[in-house]
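This report refers to the structure that appears directly beneath it.
The values are calculated or read from the model by the stated rules, or taken from the named source; none is laboratory data. Keep in mind that this is a model prediction, so the values were computed, not measured. FYI the Cβ positions are ideal-geometry reconstructions off the backbone, even for glycines, and counts take in every protein chain you see. The accessibility values were calculated without ligands, DNA or RNA, using every heavy atom of the protein model including side chains. Shrake-Rupley method; radii C 1.70, N 1.55, O 1.52, S 1.80 Å.
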Amino acid sequence: MPTETSRPPAPPPLPVPPPAAAPQPAALELTPSAIGPSGDVTAAGLGCDPQAPVSLSIGDKPVGSTVAGPDGAFHAPLALASMDVGRYEVTAKCGRTLAASLDVVLVSRVSSATSTLTVILFFLLLGGWFYGHRLVSHIPARRQP
């Protein structure tokens, strides 16, 4: 009869490490993204370190600050003084740097009532001129005795 050799028991399986957490998406959004020279803007972002201080700036000029929530999201108004027309980059520093573009545009509006009144007045004057010219051209010239 063959003898059985004893084998040592198999080691227990190694624990499987949990999957690495996916990096939190990062974004900065400005509402609205285009304003007039003295408009109000609100910045909202996500992807910051939890409870991190958030510093908002345009170039080297600070325009706002807040603290990110436990989920890394934040929401803050921007303190914008009168700005020249153009495109600016707003940055948020909060453990990482987020950026978004802000357009400052020149806003002008012509009231529809004003433009309609102008067109009507133009055609009334033009019609009056033609009518008056026609009346004058049909008057017989007076003859001198």
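Observations, loosely collected:
- Amide H contacts of Ala52: Ala68, each under 5 Å away and 5 or more positions distant or on a separate chain (H built 1.01 Å from N in the peptide plane; Pro and chain starts excluded).
- Extension gain (nm, one decimal) between Asp60 and Ala10, 0.36 nm per residue minus Cα-Cα: 11.6 nm
- Largest first, the residues Arg7, Arg87 sort by 1.4 Å accessible area into Arg7, Arg87.
- Difference of contour (0.36 nm per residue) and Cα-Cα distance, Leu117 to Ala44: 21.9 nm
- Sorting the segments 78-86, 62-70, 91-99 by their residues' average number of neighbouring beta-carbon atoms within 10 angstrom, most packed first, yields 91-99, 62-70, 78-86.
- For Val16, solvent-accessible area (1.4 Å; no DNA, RNA or ligand), Å²: 130 Å²
- Val85 paired with Thr97, simple spin-label distance in nm, labels 7 Å along Cα-to-beta-carbon: 3.0 nm
- Probe 1.4 Å, protein heavy atoms only - accessible area per residue of region 31-90 in square angstrom: 54 Å²
- 3J(HN,Hα) along region 82-90, derived from phi through the Karplus expression 6.51 cos²θ - 1.76 cosθ + 1.60 where θ = phi - 60°, amounts to 4, 10, 6, 5, x, 9, 10, 10, 8 Hz, with x in place of Gly and Pro.
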